[in-house]
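Read through the structure below, which is laid out as structure tokens, and then see the notes.
The values are calculated or read from the model by the stated rules, or taken from the named source; none is laboratory data. The structure displayed is predicted, hence computed values, not measured ones. Cβ placement follows ideal geometry from the backbone for every residue including glycine, while neighbour counts extend to all protein chains displayed. When the accessible area is computed, the model is the full protein with side chains, heavy atoms only, and any ligands, DNA or RNA have been set aside. Shrake-Rupley method; radii C 1.70, N 1.55, O 1.52, S 1.80 Å.
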Amino acid sequence: MNFKNILVEKNSALAQITINRPKKLNALNKATIEELHDAFKALEDDSDIKTIIIIGSGDKAFVAGADISEFAHFSVEEGARLAKAGQEILFDFVENLSTPVIAAINGFALGGGLELAMACHFRIASDNAKMGLPEVSLGVIPGYGGTQRLPQLVGKGKAMEMIMTAGMITAEDAKHAGLVNHITSQEELLPLAEKLAGKIARNSSVAISAAITAVNANFQDGIKGFDIEIEAFGDCFGTEDFKEGTTAFLEKRKPIFPGRNS
Ligand code: COA
């Protein structure tokens, strides 16, 4: 895969995507969003890959937002199209990937940057990270899912405050609010992400994929998450991974999951 704005590296079961526009603090322009979609799709289709880590290049930013220079002159219709297309091809797409995605927030995660991190399955941050949704300071609102996912993660009141003040919170505040799961030094951020990815890779990728579907169902309108859980739970019993997992337990050995449904 040939990309101009991102780097993709694979190391056995782990893939790392680095957003690589450091001079623009990794701001998400259209081309970067499209490249990210293509990279995530290719990694999702690669059965060897069990976890994807996403990080920003340089030591200053994860992503400082959507690229403001691209939409400053947009009309009402163009604005709506921008949000819809972005949500579909990147933000919802990442949230619903069956391969776990960890956001390693290594600096500013603002606007679309925080929205991208929030679309990932979970987040860790370096101690210099700063997070916020500053859109109302530009006269617009978060459009890549921020008004929906931030309240899911931190609660309505905290989300309202962050969105209305357009302020940034520290990594410490973000951990306290439940926005990130762990904080480390900058040097230890990738090693921690890799350690967590290693733990994930030891488990059944088929069951993990079912778990992602069931957890996400909790946040979808018109869908009863408990019903999705029952169905997905039952489906697991028909998988090779389930046979291997339970057999290995009874034989007192570590499982070697084939990562297959049947
Ligand atoms: N879109 C486009 N370009 C951006 C950007 C964005 N969201 N965020 C940063 N950049 C660019 C700057 O324009 C600058 O480019 P230049 O050197 O060609 O002028 C470069 O990245 C470095 O940014 P700069 O503002 O000089 O760095 P800083 O350390 O002084 O400030 C921030 C860092 C993150 C506080 C500041 O860049 C900022 O507020 N960015 C916008 C954040 C935002 O509102 N995001 C939501 C967008 S919806």
- Scanning segment 119-132 residue by residue, those within 15 Å of the ligand (Cβ to nearest atom) and in a loop (DSSP other than H, G, I, E, B) turn out to be Asn128, Ala129
- Message: Tally up the residues in segment 35-60 that are more than 16 Å from the ligand (Cβ to nearest atom) and open to solvent by 50 Å² or more (accessible area, probe 1.4 Å), please.
- Response: 7
- Task: Scan segment 33-65 for residues that are among the hydrophobic types (A, V, I, L, M, F, W, C) and either in a helix (DSSP H, G or I) or within 21 Å of Ala85 (Cα to Cα) (or both) and jot them down.
- Result: Ile33, Leu36, Ala39, Phe40, Ala42, Leu43, Ile54, Val63, Ala64
- Considering only residues of segment 64-122 that are under 12 Å from the mean Cα position of the chain (by Cα), aromatic (Phe, Trp, Tyr) and over 19 Å from Ile183 (Cβ atoms), which is least open to solvent (accessible area, probe 1.4 Å)? Phe91
- Out of (1) among the β-branched types (Val, Ile, Thr); (2) surrounded by 13 or more Cβ atoms within 10 Å (Cβ to Cβ); (3) over 30 Å from Ile169 (Cβ atoms), the odd one out for Thr32 is which? (3)
- Residue count, segment 133-159, condition within 9 Å of the ligand (Cβ to nearest atom), outside any helix (DSSP H, G or I) and open to solvent by 50 Å² or more (accessible area, probe 1.4 Å), comes to 1
- Note on the structure: Going through segment 9-40 in order, the residues found to be closer than 25 Å to Ser204 by Cβ and in contact (Cβ under 8 Å) with a residue 24 or more places away in the chain are Lys10, Ser12, Ala13, Leu14, Ala15, Gln16, Ile17, Ala39, Phe40
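Could you please let me know if Leu97 is touching a Lys or Arg at 6+ places or on another chain (Cβ under 7 Å), touching a residue at least 60 places away in the same chain (Cβ under 8 Å) and assigned by TED's automatic domain parsing to the domain that holds Leu179?
no
Checking the conditions here, which among Val63, Val101, Val94 is closer than 19 Å to Arg149 by Cα and within 16 Å of the ligand (Cβ to nearest atom)?
On the way: Val101 fails: within 16 Å of the ligand (Cβ to nearest atom); Val94 fails: within 16 Å of the ligand (Cβ to nearest atom).
Only one candidate passes the filter, namely Val63.
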- Message: Within segment 125-147, does at least one residue satisfy the condition of being farther than 20 Å from Ala64 by Cα and either in contact (Cβ under 8 Å) with a residue 40 or more places away in the chain or assigned by TED's automatic domain parsing to the domain that holds Gly65 (or both)?
- Response: no
- Note on the structure: In segment 169-185, anything out of contact with any helix residue (DSSP H, G or I) (no Cβ under 9 Å at 6 or more places or on another chain) and not in a helix (DSSP H, G or I) is listed as Thr170, Ser185
- Message: Can you report the number of residues in segment 7-20 which are part of a loop (DSSP other than H, G, I, E, B) and either outside the structural domain of Ile53 (by TED's automatic domain parsing) or under 17 Å from Ala117 (Cα atoms) (or both)?
- Response: 1
